[in-house]
Amino acid sequence: MSEPTIVATESAAPTTLDINQIMAILPHRYPFLLIDRVVEIERRQRIVALKNVTINEPFFQGHFPGFPIMPGVLMVEAMAQAGGALLLTEIPDRDSKLMVFTGIERARFRKPVTPGDQVKIVVEVLAWRSMAVRMTGKAYVGEKLAAEATISCALVPRVTTKDGNSQR
């Protein structure tokens with residue numbers, strides 16, 4: 001099986017993405033799609049995404065009743081999804097690939113994220129390979145840092161079953 005190559009098509013590179021464009025790139029769906037909009041893309045370098053946090057998020061029922069806080073692990077997942085949107089825009093055969101975590105380092109949670117907050121997720125590339133990427137992510141509410149982490153991810157083949165469904 002050959003490795004996918006990253007194609008550099010300068011003219012076709014988007015600089016923003018709406019929710020429909022995000023869903024065309026990422027395989028995640030409700031309730032696990034954790035970015036709503038991409039407001040800035042610098043190819044292979046940086047992405048800025050937004051997550052609008054509402055009380056309707058399913059995790060708030062149990063985390064925590066009476067004091068709803070977005071789970072830190074989901075903030076890290078949102079960073080990875082933003083990074084995935086950046087990486088996968090460069091992969092021509094992305095429908096046959098999944099991006100999976102290979103590492104999370106130095107995760108820190110600085111400020112609770114609660115319903116009504118808009119989280120700005122800034123992800124910068126530290127290392128880029130044809131099948132893997134290492135990124136640093138920061139999540140802000142207003143000007144305050146809410147969470148940060150270093151994330152490593154890899155592209156893996158998406159396997160299709162006989163019934164046409166995808167699986168790893």
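Count of segment 71-118 residues, restricted to those that are touching a His at 6+ places or on another chain (Cβ under 8 Å) and part of a loop (DSSP other than H, G, I, E, B), is 1.
Report whether or not residue 147 is surrounded by 12 or more Cβ atoms within 10 Å (Cβ to Cβ) and in contact with a Leu (Cβ under 9 Å, 6 or more places away or on another chain). The answer is no for residue 147. How many residues does segment 59-84 contain that are surrounded by fewer than 17 Cβ atoms within 10 Å (Cβ to Cβ), among the hydrophobic types (A, V, I, L, M, F, W, C) and over 15 Å from residue 148 (Cα atoms)? Result for segment 59-84: 4.
Residue 136 meets the conditions (1) hydroxyl-bearing (Ser, Thr, Tyr); (2) under 16 Å from the mean Cα position of the chain (by Cα); (3) loosely packed, with under 14 Cβ neighbours inside 10 Å in every case but one. The failed one is (3). Scanning segment 19-58 for residues being surrounded by 15 or more Cβ atoms within 10 Å (Cβ to Cβ), touching an Asp or Glu at 6+ places or on another chain (Cβ under 9 Å), among the aliphatic types (A, V, I, L, M) and not in a loop (DSSP other than H, G, I, E, B) gives a total of 6. Among residues of segment 59-70 being in a loop (DSSP other than H, G, I, E, B) and farther than 14 Å from residue 32 by Cα, the one that is modelled with the lowest pLDDT is 65. Which number in (1) within 14 Å of residue 152 (Cα to Cα); (2) crowded, with 16+ Cβ neighbours inside 10 Å marks the one condition that residue 106 misses? Going through the list (1) within 14 Å of residue 152 (Cα to Cα); (2) crowded, with 16+ Cβ neighbours inside 10 Å, residue 106 breaks only (2). In segment 114-123, is there at least one residue being at negative phi, touching a Cys at 6+ places or on another chain (Cβ under 8 Å) and at pLDDT 95 or above? Within segment 114-123, not a single residue is at negative phi, touching a Cys at 6+ places or on another chain (Cβ under 8 Å) and at pLDDT 95 or above.
Residue 129 falls short on exactly one of the conditions (1) among the charged types (D, E, K, R); (2) surrounded by fewer than 16 Cβ atoms within 10 Å (Cβ to Cβ); (3) under 24 Å from residue 70 (Cβ atoms), and that condition is (3).
So is residue 118 under 22 Å from residue 30 (Cα atoms) and touching a residue at least 60 places away in the same chain (Cβ under 8 Å) or not? Criteria met by residue 118.
The values are calculated or read from the model by the stated rules, or taken from the named source; none is laboratory data. Because the structure is a prediction, the values reported are computed rather than measured. As a convention, Cβ positions derive from the backbone with ideal geometry for all residues, glycine included, and neighbour counts pool all protein chains shown.
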